[in-house]
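Colleague: Please find one structure pasted underneath; my questions will follow.
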Amino acid sequence: MWTIPNALSALRLLGVPLFLWLVLGPEEDGWALAVLMLSGVTDYLDGWLARRLDQQSVVGQILDPVADRLYILAVVVGLALRDVVPWWLAISLPLRDALMWGLVPMLRTRGYSALPVHFLGKAATFNLLYAFPLLLLGDGEGTVATLAEVFGWAFAFWGIGLYWWAGILYAWQVRKLLATTERRPTRDG
């Protein structure tokens, strides 16, 4: 259960409150960016190491996406509270996640707890995890800040679009699964 990839995912989870404190408390954007970059590196490494070391686990399959979602939520809320991103963005991403969580009870009626992660969802998360540090960096002055803001918004718009597209595809998969798979009895009968 405690593998190197799982330890990296747990480390990522510990970075979520640290990021929020850095962004909202002392407004130490440089350190907050460092936390986000470390999160991105460990996100890549945990998956790569899990495959390379043959240490894939159920815990890791849960920890990794939970860490991704918590980072996305923490970052959009933190950046919205700082007026770096608009509130429509801060609401649109958790709204999609809430809709996905709403599908879980339907999946459970067919004996599933989740659908496999698919490339579109990974691409969306990749774009969003690149967008947020750039948008935070773009909150400054000068040429670097201007370029970071432009590229940050490009990644953000692609990420939001892909995030919702992946959500629609997941919902479609659930619909197909419900139509083609027999209902399994629950523990209650």
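Derivation of every value follows stated rules applied to the coordinates shown; laboratory data play no part. The model shown is predicted, which means the values in this text are computed figures rather than measured ones. In this analysis, Cβ positions are derived from the backbone assuming ideal geometry, glycine residues included, and neighbour counts consider all displayed protein chains.
Colleague: Using a 10 Å cut-off on Cβ atoms, rank the peptides 103-110, 141-148, 78-85, 166-173 from the highest mean neighbour count down.
Modeller: Result, highest mean first: 78-85, 166-173, 103-110, 141-148.
Colleague: Also: Based on DSSP H runs of at least 4 residues, each adding -39500 (n - 2.57), what is the mean residue ellipticity at 222 nm of the chain after dividing by all its residues, to the nearest 500 deg cm²/dmol?
Modeller: That calculation yields -27500 deg cm²/dmol at 222 nm.
Colleague: Taking only Cα atoms, what is the 0 to 90° angle, nearest 10, from helix 143-180's long axis to the longest principal axis of the chain?
Modeller: Between helix and principal axis, roughly 10 degrees.
Colleague: I need to check one value: relative contact order of the chain, counting alpha carbon pairs closer than 8 Å and at least 6 residues apart, in percent.
Modeller: 21
Colleague: Given the C-alpha centroids of region 1-15 and region 117-189, what is the distance between them in whole angstrom?
Modeller: 22
Colleague: Given the peptides 57-64, 31-38, arrange them by the average over their residues of other C-beta atoms within 10 Å, most packed first.
Modeller: Sorting 57-64, 31-38 by mean packing, highest first, produces 31-38, 57-64.
Colleague: Continuing with the same structure: What is the extension gain from Leu13 to Ala179, computed as 0.36 nm multiplied by their sequence separation minus the C-alpha to C-alpha distance, in nm to one decimal?
Modeller: Full-extension gain reported as 56.1 nm.
Colleague: Which whole-Hz ³J(HN,Hα) couplings does region 74-83 yield from phi under the Karplus relation 6.51 cos²θ - 1.76 cosθ + 1.60, θ = phi - 60°, glycine and proline marked x?
Modeller: Calculated HN-Hα couplings, in order: 4, 5, 5, 5, x, 5, 5, 5, 8, 6 Hz.
Colleague: Also, quick follow-up: Report, in degrees rounded to the nearest 10, the 0 to 90 angle that the Cα long axis of helix 29-52 makes with the longest principal axis of the chain.
Modeller: On a 0 to 90 degree scale, this one is about 40.
Colleague: Which whole-percent values make up P(r) of region 86-154 when all C-alpha to C-alpha distances are grouped in 10 Å steps starting at zero?
Modeller: Taking every Cα pair in region 86-154, the percentages come to 18, 35, 26, 14, 6, 1.
Colleague: In debye, nearest 20, what is the charge dipole magnitude of the chain about its Cα centre with +1 on Lys and Arg Cβ and -1 on Asp and Glu Cβ, if you could check?
Modeller: Here the size comes out at about 1180 debye.
Colleague: Work through the residues other than Ala148 whose Cβ is under 13 Å from its Cβ and net out their charges, Lys, Arg +1 and Asp, Glu -1.
Modeller: -4
Colleague: Go through Ile72, Val59, Phe132 and say which Cα lies farthest out towards the positive end of the charge dipole of region 46-189; charges sit on Cβ, +1 for Lys and Arg, -1 for Asp and Glu.
Modeller: Val59
Colleague: Using Cα atoms only, what is the angle between the long axis of helix 119-137 and the major principal axis of the chain, expressed in degrees (0 to 90) to the nearest 10?
Modeller: The helix 119-137 is inclined about 20 degrees to the chain.
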